[in-house]
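To start, the structure under review is shown below, and the notes come after it.
The values are calculated or read from the model by the stated rules, or taken from the named source; none is laboratory data. What you are looking at is a predicted structure, and each value in this text was computed from that prediction instead of being measured. Cβ placement follows ideal geometry from the backbone for every residue including glycine, while neighbour counts extend to all protein chains displayed. In case anyone asks, the SASA skips ligands and DNA or RNA and just uses the protein heavy atoms, side chains included. Shrake-Rupley method; radii C 1.70, N 1.55, O 1.52, S 1.80 Å.
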Amino acid sequence: MSNNEELVYEFESGNEVLAERYALCVERLQGIEKEHLADEKYDKYFHFVKDFLLMVDENYRFIREGLFEKASLEELKERNRKLYEDILPENYDKSYGNPSVAVAEFGGEYGRLLSSLYYELRGLITAAYKESVFELTVGFELFLEVYGVFLSADAGKNLPSYEDVRKILYWFGSDYAQEFRQHGFGEMVDSDRNFVRDIVLSADLSDLRYLYRFGEYITDNEIKTAEHLNGLSDEDIDKLATTFTEGYRIGFEMTGKDITIKKTAGIYYNIGFERMVKKAIANFEAIDLKSTIMLDSNTIFSMTSSTGRGGLVGAIPNKQFDYDHKEDVALFLDSNFVTRKLEAGKAAGEMYKAKARLYGGPAVIEVFGEIPFSPKTNEDAVKLSAAQQKMLSDYRVQNSLLMNKYIINKERSFTIIAFPVPDIGEKFREIFDETVRINTLDYKLYQRIQQTIIDALDEAQYVEVKGMGDNHTDMKVMLHELKDKAKETNFENCVADVNIPVGEVFTSPVLTGTEGVLHVTGVYLDGLFYKNLELKFKDGRITEYSCSNFDTAEEGRKYIGDNILFNHKTLPIGEFAIGTNTTAYVVARKYDIADKLPILIAEKTGPHFAVGDTCYSYEEDTMTYNPDGKAIIARDNECSIKRKTEPDKAYFGCHTDITIPYDELGGIKAVRPDGSSITIIENGRFVLPGTEELNKPMDEA
């Protein structure tokens, strides 16, 4: 392709100016082939990235011209491989996406900046498959502007100033903040614009070529998952999807919220589950809910609290790559940038204000069993300063308060369910079937047993939780005072609604007087592994923390500070719960997958503590009732109550569950005001009369 006539692209909204800008970008990228910088290492970088962007454009044209439908499965696999191969683990030690490679080549300042630029541009792959000319155009223009300042400086045999290059990226993130935020928010709440949903509904799901239509990285996990679901009967698929969508509906019912005022549900899932998702979409339609499915791209400007993404997710090509770039926003983060991002959030909320009020909340299908990931410290990665950590934490709180004005928490609900992927091992099909069984347990049985536990806990002033063996947990958890035990309770009786599977009772404890040590020998949280994670508490707030993942204690503290505390100086205990799903616990031990369970299931296999916001954040003033009719009065703590006077100090924008498994649990006692106690669990077994049924799975194992 050599001239503009060959680069006429039709933009989805008929924006000819944008189409022309895009055509000019591609022509300019092609022209770089004949140009060379005097400094060979920079010349090599810009030519490499240019070639990558032209490959993205070629894939865009491939989609736009209808060639995808004519391609073979092998051709689609090869295209997918080429798009992602540079950052795969086996190639990462040679990739510009690796900050260490870039720093070694260009030095600390330029190396980090150019590596971050490449990370940002790699997000354009999904833009090409969505045929988003806007995203492609502004991304290409960003690269060309950076290249342009290097080319101009090269004429004088110099390099541009670092600050000039940094400001190009800064103003890109600032100038387009509103457009990107509006696009992402709209994709979540507006059912009229859904690229992913339309593919799920229109594709022949027995033809696995469709897996490559999203532009996400595809591995055997996604292929084998789709094959497995294709092999299930219609009845089995209906059972999976109905458990999922009924959990969503019941979540509204159990909390007294009116689902009839909602018109959309946001589906979040991993590629491979399309057959189940297609049925879920139909189920939601039957209760007058249209579905939205986001397709996010990774970006250095997101300012989110983790490396994860929402909506549709494919395979992650290299988790270390994402981990190395999770703080790249530090290159730009200042008070003006924060203000701009909040303004963008408000603009997005106002644009979609009406549709946001109709959004019912997320319906999430999680996966587990992927190859475990424990990140390595990369000294060359961009790091937030202490001031920026505080700034980012404050932004996340302000952003959550802002979003609650448009998607009002007390009016919405959610549901989450989880299934294994083939990476879990050769017994994937057995484990999948066992997970289906876990997800469809008799909730009435658990509801009755859990009420027995709640009745005992409601006698208590505080609860003692102690570990055994190598686990040295020793926690005292203070409970709210019940004024009328005939009508009030501290604990919610959680059945299979918002959190599938069934199996926990939980509360928001009183912080004052809650103290001790929480310890687990090993746990995965949000996909990251923690060895010997230990948190110490005073008046319900973290005072010290450590883990043994790294060679130095300082590295361990930073790891926890970044990924559990999310750069807050401390966090309170927002939830204390007792998991009752011994069936899930036994399955985990039977197949040796305890370390692979998602927190959604793992939290049901023992007591757990959540640090961060309470389980009732933003809904504290909405009265919630258990099936026995008692009002759950433990909805606030000493932090969340500040929402009435100092809302910026009430919430933290995070909630991380940490579970002690039964085999590390010495005991749980409910201690009455007079000092007498009721033992609920002893040496990992339920001993409270009326809970014996919960030991049966362990006895049978």
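By per-residue mean of other Cβ atoms within 10 Å, what is the highest-first order of 474-487, 441-454, 155-168? Show your work: numbers first, answer last.
Values: 474-487: 16.0, 441-454: 18.4, 155-168: 13.8.
Ranking the peptides 474-487, 441-454, 155-168 by packing returns 441-454, 474-487, 155-168.
May I ask what percent, to the nearest 5, of DSSP beta bridges between residues of the chain are antiparallel?
If I count the DSSP bridges inside the chain, around 75 percent turn out antiparallel.
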For this session: Compute the convex hull volume of the Cα atoms of the range 490-606, divide it by the residue count, and report the result per residue in Å³ as a whole number.
Result: 109
Exercise. Counting Lys and Arg as +1 and Asp and Glu as -1, what is the net charge of the other residues whose Cβ lies under 10 Å from the Cβ of S374?
Worked result: +3
Problem set entry | Those lysines that a straight Cα-Cα span of less than 18 Å connects to K590, excepting residues fewer than 8 apart in one chain | K427, K604, K696
For this session: Give the angle, between 0 and 90 degrees and rounded to the nearest 10, that separates the Cα long axis of helix 386-404 from the longest principal axis of the Cα atoms of the chain.
Result: 70
Seminar exercise, completed: Using the Kirkwood formula on alpha carbons, the hydrodynamic radius of the chain in angstrom works out to 26.8
Exercise. Kirkwood Rh, the range 1-152, all Cα pairs: how many Å?
Worked result: 16.3
Exercise. Once the other residues with Cβ under 13 Å from the Cβ of L402 are scored (Lys, Arg +1; Asp, Glu -1), what is the net sum?
Worked result: +2
Problem set entry | Distance between the range 448-473 and the range 375-405 - C-alpha centres, whole angstrom | 35
Problem set entry | For the range 159-190 versus the range 579-606, the gap between their alpha-carbon centres in whole angstrom | 42
Problem set entry | Rg followed by Dmax, in Å, when the range 313-422 is reduced to its Cα trace | 17.7, 46
Exercise. Cα centroid distance between the range 623-642 and the range 298-364, in Å?
Worked result: 30
Seminar exercise, completed: Carbon plus sulfur, as percent of the 1.4 Å-probe accessible area of the range 565-701, comes to 48
Exercise. What is the spin-label model distance, in nm, from D539 to R340 if the labels are put 7 Å beyond Cα along the C-beta direction?
Worked result: 4.0
Seminar exercise, completed: Diffing the range 229-234: the Karplus 3J(HN,Hα) column from phi (6.51, -1.76, 1.60, θ = phi - 60°), in whole Hz with x for Gly and Pro, holds 5, 5, x, 7, 6, 4
Exercise. Which angle between 0 and 90 degrees, to the nearest 10, do you get for helix 108-122 versus the longest principal axis of the chain when only C-alpha atoms count?
Worked result: 80
Seminar exercise, completed: Once Lys and Arg are counted +1 and Asp and Glu -1 for all other residues with Cβ under 13 Å from that of F106, the total becomes -3
Seminar exercise, completed: Taking protein heavy atoms only, a 1.4 Å probe, and rounding to whole percent, the accessible area of the range 230-335 owed to carbon and sulfur comes out at 50
For this session: Please give the peptides 624-635, 371-382 ranked by average Cβ packing (other Cβ atoms within 10 Å per residue), highest first, as a rough proxy for protection.
Result: 624-635, 371-382
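Rounded, prolate or oblate: which one fits the range 646-701, using the alpha carbon gyration tensor with axes a ≥ b ≥ c (rounded when a/c is under 1.5, else prolate when a/b beats b/c, else oblate)?
Oblate, since a/c reaches 1.5 and b/c is not below a/b.
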For this session: With θ set to phi - 60°, apply the Karplus curve 6.51 cos²θ - 1.76 cosθ + 1.60 along the range 684-701 and write out the HN-Hα couplings as whole Hz, x wherever there is a Gly or Pro.
Result: x, 10, 6, 10, 5, x, x, 10, 4, 4, 5, 7, 4, x, 6, 5, 5, 5
Exercise. Tell me, what is the per residue accessible area of the chain in Å², probe radius 1.4 Å?
Worked result: 40
For this session: Quickly rank 180-191, 30-41 as a protection proxy: mean count of other C-beta atoms within 10 Å, highest first.
Result: 180-191, 30-41
